[in-house]
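Derivation of every value follows stated rules applied to the coordinates shown; laboratory data play no part. No experiment lies behind these values; they were computed from the predicted model shown. For neighbour counting, all protein chains shown are included, and Cβ atoms are generated from backbone atoms with ideal geometry for every residue, glycine included.
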Amino acid sequence: MQKHDFWYDLPKELIAQEPCLPRDAARLLCLGRQSGEISHHIFHELPALLHAGDLLIVNNSKVLPARLIGHKAETGAVCELLLLREESRDVWECLARPGKKLKPGVRVVFGDGTLTAEILETREDGNKLVRFSYDTDTLYEKLDAFGKMPLPPYITKQLDDGSQYQTVYAKELGSAAAPTAGLHFTPELMETLRQKGVRFAEVTLHVGLGTFRPVKEETVEDHVMHSEWYCISEETAALINRTKQEGGRVIAVGTTSCRTLEAAAGAHGGQVCACSGDTDIFIYPGYTFRCIDGLITNFHLPESTLIMLVSAFCGYENTMNAYRVAVENKYRFFSFGDAMLIV
């Protein structure tokens, strides 16, 4: 398939700039995976759309306040680092601006000077390898003090409350972006679902900004996917396999949960086992799903790997038609936008 096959026209005013309040007041488009049938709901109506015995898999990764604005120690010039992933203790892969000026050996100072960074190398893709130094027990304490939430570039409004870009079940620090399908859940909605007999299980996948990188190759299959770290516990693996045995549905909350489960199932002959590691799984039409039976997801950017994943799950025509219907009905798009339930 060609990249342009996944293009759709989106009016700029449909790009959500802030989350719904309350979270579960977002709209929810329900799409039949096989039939393509569409119905319109509100997210808090989710319990009526799921069955007792269903299992929702959520990504418990927590977003780091990973955007740091500082200045070069030698010249005072303003610069910015965005932490992507830790490669060894206090050594991180980062995006940097201005990239050409931040050469190996350059030191950057943040806040009151108690956090500094040294550029170690520039990689082929332009990312930097950076070593941080600080006066606290962990780097995370300094990120809490000086860092900002790394909102996607299409969100131009700064958040008053950083927790708006965290799921209510976030706990494992490490993501450079939120697993946004989970932003719609509230503790009250989760309790209502449990009372109905819908179960929850957690996985961890630390979201990298590669999620937002555009596909540059014209032929979809030529795209090289970014790698992200994931972990599935013994408890979650057992619950998934039990749900399958009992005839329940495994529903991934978000593309990150989906990629985690499919990567694990693919590595173990279709069975989900407790495991951890890096995955660069790229899911596009033609892929055979081994684990998930349903998907909750937001509306994604045109020509992105995420809309390709959705198309692989419920069919290209069904997906593109659902997006056309969502635009016509003025759904809100992207990270703070509305949601889809595909079952």
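A few remarks follow.
- Candidate set from the stretch 2-44 (those that are without any contact (Cβ under 8 Å) to a residue 24 or more places away in the chain and in a helix (DSSP H, G or I)); member that is surrounded by the fewest Cβ atoms within 10 Å (Cβ to Cβ): LYS12
- Consider the stretch 160-170 and keep the residues that are closer than 20 Å to LYS142 by Cβ and over 13 Å from the mean Cα position of the chain (by Cα). The one that is surrounded by the fewest Cβ atoms within 10 Å (Cβ to Cβ) is SER163.
- Members of the stretch 240-265 found to be more than 22 Å from LEU49 (Cβ to Cβ), surrounded by 18 or more Cβ atoms within 10 Å (Cβ to Cβ) and not hydrophobic (A, V, I, L, M, F, W, C), listed by number: ARG259, THR260, GLU262
- Answer from ILE296, ILE232, ILE281 - the residue that is among the aliphatic types (A, V, I, L, M) and surrounded by fewer than 23 Cβ atoms within 10 Å (Cβ to Cβ): ILE281
- If you go through the stretch 277-292 and keep only what is β-branched (Val, Ile, Thr), touching a residue at least 40 places away in the same chain (Cβ under 8 Å) and assigned to a loop (DSSP other than H, G, I, E, B), you end up with ILE281, ILE292.
- Candidates in the stretch 144-183 are the residues that are touching a Lys or Arg at 6+ places or on another chain (Cβ under 9 Å) and not in a loop (DSSP other than H, G, I, E, B); of these, the one that is nearest to GLU80 (Cα to Cα) is LYS148.
- Subset of the stretch 121-139 (residues that are more than 22 Å from GLY76 (Cβ to Cβ) and either touching a residue at least 24 places away in the same chain (Cβ under 8 Å) or within 25 Å of the chain's Cα centre (by Cα) (or both)): ARG123, GLU124, ASP125, GLY126, ASN127, LEU129, THR138, LEU139
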